[in-house]
Amino acid sequence: LDHPVWAALAHCTHLAEGDERARRYRRDVNLFAAARDDEPANLQALQALVLPGESVYVLQVPAIRLSEGLVAVRSAQGVQMQATRPIEPESGEGVLVELGEADVPEMLALAQLTEPGPFLPRTFTMGRFVGVRIDGRLAAMAGERMRWPGFTELSGVCTHPEFRGRGLARRLSSVVAQAIQQRQELPFLHAWASNRAAIALYESLGFEWRTDVQV
């Protein structure tokens, strides 16, 4: 959990580029990248995975170190939370649906509008995604992102502005988290430290702060 990106990339190698020194998600899957550790050769391997003018996300608990060829264009602090009690799926308005390839255009449009984090054409292949449709429109969605044995991240939680205030994000988060727990895995998530509303929502569902993370 201190190095979630590396843990996930080392496990889901079918979604990754790189080798045992450094990996990144394929460019149509996600923007996260990680070196195995801070050894100079591994940091150089991470640099080699980033094209000139290209940006990636690095997320971990320890301070982030970069090789000289990479520049931090933005730094921020996030929080990592994990479920500490059983989470029951909640009900609500709209139709709960499983999302897949046919829904990608709507998923991308919703993610671009609400910015829940990097979301690309093949992000949905990282795990299970569910949504709520109201009058046929995709009003909200949530899904799974980084994963390795025993752990799966809740991510991609977002609601269209026209449907906010109806508890849709809460409902979908509970559905995804409960399904993770049913597989005997620990649900965890990341949020910007400044996003107090999201943190309060996750706390009310049964998540607790584990640690701060560097991004």
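The values are calculated or read from the model by the stated rules, or taken from the named source; none is laboratory data. Only a predicted model underlies this, so the values are computations on that prediction, with no experimental measurement involved. Note: ideal-geometry Cβ built from the backbone for every residue, glycine included; neighbour counts use all protein chains shown. In case anyone asks, the SASA skips ligands and DNA or RNA and just uses the protein heavy atoms, side chains included. Shrake-Rupley method; radii C 1.70, N 1.55, O 1.52, S 1.80 Å.
At a glance:
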quantity: Distance (nanometres) between label positions extended 7 Å along Cα→Cβ at residue 38 and residue 101; calculated: 4.3 nm
quantity: Sequence ranges 103-115, 120-132, ranked by mean other-Cβ count within 10 angstrom, highest first; calculated: 120-132, 103-115
quantity: Over the chain: helical MRE at 222 nm, DSSP H runs n ≥ 4 each giving -39500 (n - 2.57), nearest 500; calculated: -7500 deg cm²/dmol
quantity: Rounded to the nearest 20 debye, dipole of region 171-215 from Cβ charges on Lys, Arg, Asp, Glu; calculated: 120 debye
quantity: Surrounding net charge for residue 204, when Lys and Arg each add one and Asp and Glu each subtract one, Cβ distance under 12 Å; calculated: -1
quantity: Rg and Dmax [Cα atoms of region 1-50; Å; Rg one decimal, Dmax integer]; calculated: 9.7, 28
quantity: Full-stretch length increase - residue 26, residue 47 - with 0.36 nm per residue and alpha-carbon distance subtracted; calculated: 6.1 nm
quantity: Ratio of the Cα radius of gyration of region 22-95 to 2.2 N^0.38 Å, where N counts its residues; calculated: 1.51
quantity: Cα-derived Rg to Rh of region 1-154, Kirkwood definition; calculated: 1.00
quantity: Under the Debye formula (equal points on every Cα, no solvent term), log10 I(q)/I(0) of region 131-186 at q = 0.24, 0.25 Å⁻¹; calculated: -0.87, -0.91
quantity: Helix 104-114 vs. the chain, principal-axis angle (Cα, 0 to 90°, nearest 10); calculated: 80 degrees
quantity: Probe 1.4 Å, all protein chains present, accessible-area order of 192, 209, 6, largest first; calculated: 209, 192, 6
quantity: Rg to Rh quotient for region 74-147, alpha carbon positions, Kirkwood Rh; calculated: 0.99
